[in-house]
1. Just checking, does the stretch 112-129 include any residue being open to solvent by 20 Å² or more (accessible area, probe 1.4 Å), polar (S, T, N, Q), at pLDDT 90 or above and over 25 Å from Glu205 (Cα atoms)?
2. Restricting to the stretch 150-165, name every residue that is open to solvent by less than 20 Å² (accessible area, probe 1.4 Å) and either out of contact with any Ser or Thr (no Cβ under 9 Å at 6 or more places or on another chain) or not aliphatic (A, V, I, L, M) (or both).
3. Limited to the stretch 248-289, what total is found for residues that are of a type in the set (Ser, Thr, Tyr) and farther than 22 Å from His103 by Cβ?
4. Which of the residues belonging to the stretch 178-188 are modelled with pLDDT of 95 or more, touching a strand residue (DSSP E or B) at 6+ places or on another chain (Cβ under 8 Å) and surrounded by fewer than 16 Cβ atoms within 10 Å (Cβ to Cβ)?
5. Which residues, taken from the stretch 224-256, are closer than 23 Å to Tyr208 by Cβ, within 32 Å of the chain's Cα centre (by Cα) and either of a type in the set (Phe, Trp, Tyr) or open to solvent by 60 Å² or more (accessible area, probe 1.4 Å) (or both)?
6. Could you tell me whether the stretch 199-208 includes any residue that is surrounded by 17 or more Cβ atoms within 10 Å (Cβ to Cβ) and among the charged types (D, E, K, R)?
7. Please go through (1) modelled with pLDDT of 90 or more; (2) among the charged types (D, E, K, R); (3) touching a strand residue (DSSP E or B) at 6+ places or on another chain (Cβ under 7 Å); (4) surrounded by 15 or more Cβ atoms within 10 Å (Cβ to Cβ) for Glu89 and return the number of the only condition it doesn't satisfy.
8. Working only within the stretch 259-280, note down all residues that are open to solvent by less than 50 Å² (accessible area, probe 1.4 Å) and either touching a Gly at 6+ places or on another chain (Cβ under 8 Å) or more than 25 Å from Val82 (Cβ to Cβ) (or both).
Amino acid sequence: MDTKHIRAFLVLAEELHFGRAAERLHMTQPPLSRLIRGLESDMSAQLFERSTRSVRLTPAGQALVEPARDILMSHRLADSAVQAAGKGEVGHLRLGFTGIATHKLIGRLLKLVRGTHPGIHLSLQSASFGMPAIDNVADGSVDLVFGYWPFVPQSVDTRVVAQESLVVAMHSEHALAGRESVSMSELEGEEFITVPPNPGSTTIERLYELSQAAGFNPTVIQVAPDTWTILSLVGAEIGCSVTVASVPKNASFPNIAFVPLKDPKGPFPLLMAWRRDDVSPALAEVLRLAEQLFPAAVP
């Protein structure tokens with residue numbers, strides 16, 4: 001039994017006339033009769049009572065009408081789902097992001113995707129550090145991720161979403177809190193709070209590069225697991241921390257001042273990354289929407 005048999009059965013059940021049913025199905029009566037006999041054979045039941053004057057549904061035929069309509073509707077829905085998936089209108093993507101700095105960006109992208117492609121479901125995965133996040137893309141456990149990386153695997157493509165700069169988070173009563181900007185040399189002797197040493201961590205690498213260029217090694221008084229914890233400690237006057245300028249734009253932090261840090265190397269990119277060989281139509285659509293939402297950023 002296939003949809004051709006089901007469609008023929010339903011049209012004949014509505015018309016109760018082989019001639020009119022055949023006309024609606026754009027065929028002659030003999031092929032229609034063969035379809036109905038084939039369906040009756042598959043079902044091991046007579047579905048119609050036929051005479052030279054009339055055609056009537058048998059009790060078995062009457063029982064088949066609603067299930068047959070359900071089968072036909074399910075087939076149409078399945079066909080629509082497949083066509084929509086091929087166009088990137090439906091699908092499931094695993095979206096990764098790193099840290100507070102990407103929260104509003106992720107929110108804007110989700111709003112756009114849900115508004116224009118409600119059939120695409122995005123599941124969110126947060127990572128504290130950039131390199132594990134990019135590794136998740138490379139090994140296929142995440143489809144798209146936002147973060148900061150000085151290098152990425154060859155199997156991964158990237159696009160610049162925004163340009164970032166550094167700020168120093170310090171308690172609002174710190175002597176430098178009211179400054180428009182601060183140089184690293186002015187931070188000699190300060191005690192810093194950082195995330196754990198991690199390959200590819202942009203903020204830690206810049207902290208050490210800038211402090212050593214200024215002639216000193218930073219004093220790290222505390223290591224914390226993530227930016228939220230670090231800033232809680234800064235607010236408690238435990239020390240200072242170097243972070244990205246978008247952090248205070250994504251959340252409110254009482255008792256903390258964010259002072260721009262002079263950086264000779266200039267801004268660095270916030271990237272979105274995905275597997276180069278990923279041919280998912282849904283991913284292609286989300287990348288297209290992200291390109292509209294975040295025009296190419298240049299330093």
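1. Yes, the stretch 112-129 contains at least one residue that is open to solvent by 20 Å² or more (accessible area, probe 1.4 Å), polar (S, T, N, Q), at pLDDT 90 or above and over 25 Å from Glu205 (Cα atoms).
2. Hits for the stretch 150-165 are Val156, Glu164.
3. First pass over the stretch 248-289, keeping only residues of a type in the set (Ser, Thr, Tyr): 252, 280.
Checking the rest, the ones that are also farther than 22 Å from His103 by Cβ come to 280.
Residues meeting the conditions: 1.
4. Step one: filter the stretch 178-188 for residues modelled with pLDDT of 95 or more, giving 179-188.
From what is left, the residues that are touching a strand residue (DSSP E or B) at 6+ places or on another chain (Cβ under 8 Å) are 179-184, 187.
Arg179, Glu180, Ser181, Ser183, listed by residue number.
5. Pro225, Trp228
6. Yes, the stretch 199-208 has at least one match.
7. Status for Glu89: all satisfied but (1).
8. Val259, Leu261, Asp263, Gly266, Phe268, Pro269, Leu270, Leu271, Met272, Ala273, Arg275, Ser280
The values are calculated or read from the model by the stated rules, or taken from the named source; none is laboratory data. These numbers come from a predicted model, not from an experiment. With ideal geometry, Cβ positions are generated from the backbone for all residues, glycine too; neighbour counts draw on all protein chains shown. Accessible surface areas use protein heavy atoms only, side chains included; no ligands, DNA or RNA. Shrake-Rupley method; radii C 1.70, N 1.55, O 1.52, S 1.80 Å.
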